[in-house]
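Student: Take this structure first; my questions come after.
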Amino acid sequence: MKVNLKIKNDNTVETVPHEVESINIFQFQKALKAIKNILGIVNEDEALKQTFNDMFARENDDQEISPQYVISRAAGAFEAVLLEIPDEGFDLLATLSGIEKKTLMEQKVEDVFDIYDAVLEVNDIEKIVERAKKSFAATKSATKFMRKRVEATAQKQA
């Protein structure tokens, strides 16, 4: 999805189209790191932790907020992140949109929300998280099977 970036050079402003695409593995990895930083801040601050817990209306009562939970509710989280942890929120949006953070920060507020909307439109974050969970569960299952096979082989040889 195309968005327009306004790039200011001296006294002129150039409008540059930017294509927001589905995230790649590098963006995914960098986004997870940004989310980890955000979660570290949230989990260290009781008021923020309560804000996130209230905002998400969690079904369970555990106090830790997982990366998967935040990712799958990115739309709701972004508002709180922008208000409470703005620098990390913009790092995350810059990563997901593929726009340099400095360029992102120079945009008008309305344009930043257009960029945010474009990121959500081209990336089904919940689907990505569910797919990752499925793959990780399959890996865990395969690893268990292989470990049991090695243990059985070792017992036969003993």
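Student: Considering segment 94-119 alone, what residues qualify as being touching a residue at least 24 places away in the same chain (Cβ under 8 Å), open to solvent by 20 Å² or more (accessible area, probe 1.4 Å), under 21 Å from residue 37 (Cα atoms) and over 11 Å from the mean Cα position of the chain (by Cα)?
Tutor: Passing the criteria: 98, 116.
Student: Something else about it: Scan segment 1-46 for residues that are of a type in the set (Lys, Arg) and closer than 23 Å to residue 106 by Cα and report the count.
Tutor: The qualifying residues number 4.
Student: Additional query: Of all residues in segment 1-52, which are in a strand (DSSP E or B) and in contact with a Pro (Cβ under 8 Å, 6 or more places away or on another chain)?
Tutor: Those that are in a strand (DSSP E or B) and in contact with a Pro (Cβ under 8 Å, 6 or more places away or on another chain): 2, 3, 4, 5.
Student: Any residue at all in segment 79-93 that's assigned to a helix (DSSP H, G or I), modelled with pLDDT of 80 or more, over 18 Å from the mean Cα position of the chain (by Cα) and within 22 Å of residue 3 (Cα to Cα)?
Tutor: no
The values are calculated or read from the model by the stated rules, or taken from the named source; none is laboratory data. Quantities reported herein were computed from a predicted structural model and do not represent experimental measurements. Because the Cβ atoms are built from the backbone with ideal geometry, glycine has one as well, and the counts that use them run over all protein chains shown. Heavy atoms of the whole protein, side chains included, go into the accessibility calculation; ligands, DNA and RNA do not. Shrake-Rupley method; radii C 1.70, N 1.55, O 1.52, S 1.80 Å.
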